[in-house]
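The values are calculated or read from the model by the stated rules, or taken from the named source; none is laboratory data. Quantities reported herein were computed from a predicted structural model and do not represent experimental measurements. Using ideal geometry, Cβ is built from the backbone for each residue, glycine included, and neighbour counts are taken over all protein chains shown. Each accessible area value is taken on the protein alone, full model and side chains, heavy atoms only, with ligands, DNA and RNA left out. Shrake-Rupley method; radii C 1.70, N 1.55, O 1.52, S 1.80 Å.
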Amino acid sequence: MLSRCLRTAPARQSVQCMQQFTRPSFVQAQLRSYSAAAPGDKVAGFKGTTGSDGKYTVTLIEGDGIGPEISQSVKDIFSAANVPIKWEPVDVTPTLKDGKTVIPDEAIDSIHRNYVALKGPLATPIGKGHVSLNLTLRRTFNLFANVRPCKSIAGYKTPYDNVDTVLIRENTEGEYSGIEHVVVDGVVQSIKLITKAASERVLRFAFQYAQDVGKPKLRVVHKATIMKMSDGLFLNLARDISKEFPNVEFDAELLDNACLRIVTDPSPYADKVLVMPNLYGDILSDMCAGLIGGLGLTPSGNIGDECSIFEAVHGSAPDIAGKGLANPTALLLSSIMMLQHMGLYQHADRIQAAIFKTLAEGKTITGDLGGKAKTHEYADAVIKNFQ
Ligand SMILES: NC(=O)c1ccc[n+]([C@@H]2O[C@H](COP(=O)([O-])OP(=O)(O)OC[C@H]3O[C@@H](n4cnc5c(N)ncnc54)[C@H](O)[C@@H]3O)[C@@H](O)[C@H]2O)c1
């Protein structure tokens, strides 16, 4: 890969190119366990254990804007459901260390110790100030796979009522490697980085995920017809890894076809998990979120080898912050994904059923869904709907 970089970049840019390729995040990526498969290897599960009180400790990043309000709903609902976890709130206000934006050590230590975190939205200044904290967290914990399920919600009418997609996005490289340079004035080169190590890691996770959640088909979404080397590598590795998962049917689809077919009729995608490089995943996952009513209803999980962070995909909604108007559903559904990741399936099922019942009743829903309920009234209704 490095030699290809040196071949394609003009001489005066090659030093910069080499520096970029040796960034610690990529070096680190190659040391991770997913890239080295031994026969019978399983994707690493949640490593946390309970304390002497029988509870797991979970790091909580409440976030900015509406973050504290929607986090409170999750805390209230978990407490009412007697979920065996205790929260460890951390402050992720960034500090500058050697000119770089870093997250306070206490927050990093907490996530390392607990292996899992729930995160509210974090505001990112536009065009100035610190770099995206979301990106910093992703790099710090090497969160290589972003998992986005999108399922139609009964009671909330959208053009389709049969959406049930799961999309897994490579989260660390591809078009988002940040390797860009000016070749000559008016000519800018941006490098899409695809490595065997990072691709194998997310693909193996995706196959394992498909097997575990009972969606027996894995589809790679790609554009290898045009990007023959980069997407070609991703696709070929998927073909190789599919041999390790004989119970999961493997196929592939071009990105443009996939977009057209999903928006035409999402139902053929209900038995599949889709996996793809970074940029395609970013766009396609938001497109699928649109099919079920938008980002306010969409959960996500960022999975790493050691630690995982679950978060709502919407932002901090500064326009409604502090007014009790926020819809906590996306963070709640993210917390359900977190419980499933931790193996707390019964609690996950019980809370999820209560959320869906509350939404289907439509009596106590927030303004963004056409209702009049305040955030805490919606949370109370969920608690009343526990079976
Ligand atoms: N994962 C994250 O932490 C994340 C994601 C996206 C944006 N952001 C940050 O959030 C800030 C605001 O971004 P934005 O305004 O572009 O997007 P946003 O998602 O915060 O808001 C877009 C619109 O959706 C509404 N909305 C969002 N979540 C809602 C909820 N739970 N309930 C009811 N309404 C909701 C908002 O009121 C607003 O009208 C920015 O600083 C951005 O960088 C963070």
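Helix 278-291 and the longest principal axis of the C-alpha atoms of the chain enclose an angle of approximately 30°.
Convex hull over the Cα atoms of the range 159-291, averaged projected area in nm²? Mind showing how you got there, number by number?
On the way: hull surface 35.2 nm².
So the Cα hull casts an average projection of 8.8 nm².
Under 23 Å of direct C-alpha separation, and excluding same-chain neighbours fewer than eight residues apart, Lys100 reaches these lysines: Lys119, Lys128.
The simple spin-label model puts a point 7 Å past each Cα toward its Cβ; for Glu180 and Lys157 those points are separated by 4.3 nm. The length gained by stretching the chain between Lys243 and Thr225 to full extension, at 0.36 nm per residue less their Cα-Cα distance, is 4.2 nm. Assuming charge only on the beta carbon of Lys and Arg (+1) and of Asp and Glu (-1), the dipole of the chain about its Cα centre is about 480 debye to the nearest 20. Which residue, Gly174, Leu235, Ala258, has the largest displacement toward the positive end of the dipole of the range 159-291 when charges sit on each Cβ (Lys, Arg +1; Asp, Glu -1)? The listed residue farthest towards the positive side: Leu235.
Lysine pairs in the range 248-387 whose alpha-carbon atoms fall under 24 angstrom of each other, counting only those eight or more residues apart or on distinct chains, come to 12.
Summing Lys and Arg as +1 and Asp and Glu as -1 over all other residues whose Cβ lies under 13 Å from the Cβ of Ala80 gives a net charge of +1. Structure remark: mean-square fluctuation, Gaussian network model of the chain, C-alpha springs under 10 Å; the largest value among Asp305, Asp256, Asp231 belongs to Asp256. Taken about its Cα centre, the range 159-291 carries a charge dipole of roughly 380 debye when the Cβ of each Lys and Arg holds +1 and the Cβ of each Asp and Glu holds -1. In summary, the lysines within cross-link reach of Lys192, defined as a Cα separation below 18 angstrom excluding same-chain residues under 8 places away, comprise Lys223, Lys228.
Measuring r between the beta carbons of Gln346 and Asp319 and using R0 = 41 Å, the FRET efficiency lands at 0.65. On a 0 to 90 degree scale, rounded to 10, what angle separates helix 375-384 from the longest Cα axis of the chain? On a 0 to 90 degree scale, this one is about 70.
Ignoring ligands, DNA and RNA, what percent of the 1.4 Å accessible area of the chain is carbon and sulfur?
Details: 9510 of 17400 Å².
Roughly 55 percent of what the probe reaches on the chain is carbon or sulfur.
When the chain is treated as a GNM with alpha-carbon contacts under 10 Å, the residue of Thr136, Thr50, Thr59 showing the greatest mean-square fluctuation is Thr50.
The alpha carbons of the chain stretch over 65, 49, 46 Å along the principal axes, in descending order. Separation of the range 227-268 and the range 364-380, taken as the distance between their Cα centroids, equals 39 angstrom.
With a cap of 16 neighbouring Cβ atoms within 10 Å, and only residues DSSP puts in a loop, list the trypsin sites (Lys or Arg not before Pro) found in the range 94-167.
Working: sites: Lys97, Lys100, Arg113, Lys119, Lys128, Arg138, Arg139, Lys151, Lys157; in loops: Lys128, Lys157.
Listed in order of number, the matching sites are Lys128, Lys157.
The length gained by stretching the chain between Asn82 and His112 to full extension, at 0.36 nm per residue less their Cα-Cα distance, is 8.3 nm. What you get for the range 43-102, charging only the Cβ of Lys and Arg (+1) and of Asp and Glu (-1), is a dipole of about 280 debye around the Cα centre.
Between Asp98 and Thr264, full extension at 0.36 nm per residue minus the direct alpha carbon distance yields a gain of 54.7 nm.
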